[in-house]
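The values are calculated or read from the model by the stated rules, or taken from the named source; none is laboratory data. As the structure is a computational prediction, the values presented were derived from the model and not from experiment. Don't worry about glycine lacking a Cβ; one is built from the backbone with ideal geometry, like all the others, and counts go over all protein chains shown.
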Amino acid sequence: MSDTDRKVFPVESVLALVTGKEGVDIKAIAGYVAGRSLACDCCAKAAGPFAAAWLARLYPKFFELEWKEDMSWEAFVSKSRNLLGENVSLTPMDGRAKALADQALDCLMDTYKNLQKQTTVATELEARIRTLEPLEAKAQTLQKKCDDLEAKIKSMNTDMGGLRKQVAEFQGKVAINHDELMQNIKSAIKDGLKGLVVGGAAVGDAGADSPAEEENKVPDDFGFGASGANNDGFGF
C-alpha cells in the first residue's frame, strides 16, 4: 500500500469507529477503512469490529486501549491522544480482512435494501388505508341499509304467502253458473206474469181457462232467447 493511499483522521474519529460511539457520524471513516461506500450508520457500525482488527494490526498499541463503562468519553479520548497522538494515519483494508468485511457488509446491505422496500410498501399501504377508511364507513352504512331492505323483503314475502292462502280459500266459492242464473230469472218472470191482474179483474179460479185468461196466458217457451209462438215477439 503506497503512502498516497493513506489518509489522516483525528484520533477521536478513529476511537468512535472502533467503539461504535453513538451520536457520531462515522460513515466516512468506516467507508474509507472498509474500502467501500456505506450508505447508513448501521453499516458503518458493522464495519467497526473489522476496522478495529485492522487498526490493531497497523497500531498494536490499540490493544492497550479499553473504554470502560465507568470512564467518561473525554477521559478515554485524552488517554488515547497521549498514546497515539492527535491524528492517526490509516490505509484501507486489504486481503483476508477486506474479504471478511465485504461478506458481512454485503449481507447487511441486502437486508438494508429489503428493509427500505418494505418500508416503502408499508408507507404506501398506510396511505391507501387512510384513503379507504371513509369508503369503508360508507360501505358499512350501505350494508346496513341492504340488511334492512332484505329484512323488509322477507317480511313482505311472508305477508304475500298469507294473502295467497286467503285467496286460495275463496277460489271456486264465488263462481257463477250462467245457465242456472238465466233459468232462475226466467222462472221468476213467469211467476210474476201469472199473478198480474188482467183488465182490472183477478185471474179466474182453478176451473177452465176463460177467454181472457187464455189470451193472456204466458207461453211455455217464453223467456230469454224466445220470440213467442210466431217467433216475432220480444224475448231475451
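Scanning the range 106-120 for residues that are crowded, with 16+ Cβ neighbours inside 10 Å and either more than 21 Å from TYR32 (Cβ to Cβ) or in contact with a helix residue (DSSP H, G or I) (Cβ under 6 Å, 6 or more places away or on another chain) (or both) yields one hit, LEU108. Residue count for the range 39-78, restricted to those that are under 14 Å from ALA16 (Cβ atoms) and of a type outside the set (Lys, Arg): 15. For the residues GLU69, GLU124, GLU74, GLU86, the requirement of being charged (D, E, K, R) and either over 30 Å from ALA51 (Cα atoms) or touching a Ser or Thr at 6+ places or on another chain (Cβ under 9 Å) (or both) singles out GLU124. Reported count of residues in the range 81-96, each being assigned to a helix (DSSP H, G or I) and crowded, with 18+ Cβ neighbours inside 10 Å, is 1.
Of all residues in the range 55-71, none are of a type in the set (Phe, Trp, Tyr) and at pLDDT 85 or above.
For the range 102-110, check the following and say yes or no: at least one residue is over 44 Å from the mean Cα position of the chain (by Cα) and not aromatic (Phe, Trp, Tyr). Yes, there is a match, as at least one residue in the range 102-110 is over 44 Å from the mean Cα position of the chain (by Cα) and not aromatic (Phe, Trp, Tyr). Do we have SER13 as part of a helix (DSSP H, G or I), polar (S, T, N, Q) and under 30 Å from GLN116 (Cα atoms) here? Yes: the conditions hold for SER13. When the residues of the range 31-53 are filtered to those that are outside any loop (DSSP other than H, G, I, E, B) and in contact with an Asp or Glu (Cβ under 9 Å, 6 or more places away or on another chain), the one that is modelled with the highest pLDDT is ALA34.
Residue pairs whose Cβ atoms lie under 6 Å apart, sitting 6 or more positions apart in sequence or on different chains, and linking a residue in the range 43-72 that is closer than 18 Å to LEU84 by Cα to a partner that is modelled with pLDDT under 80 and not charged (D, E, K, R), are LEU55/PHE62; ALA56/PHE62; ALA56/PHE63. Take TRP73 and decide whether it is out of contact with any Lys or Arg (no Cβ under 8 Å at 6 or more places or on another chain) and surrounded by 14 or more Cβ atoms within 10 Å (Cβ to Cβ). So TRP73 does not fit the description; no.
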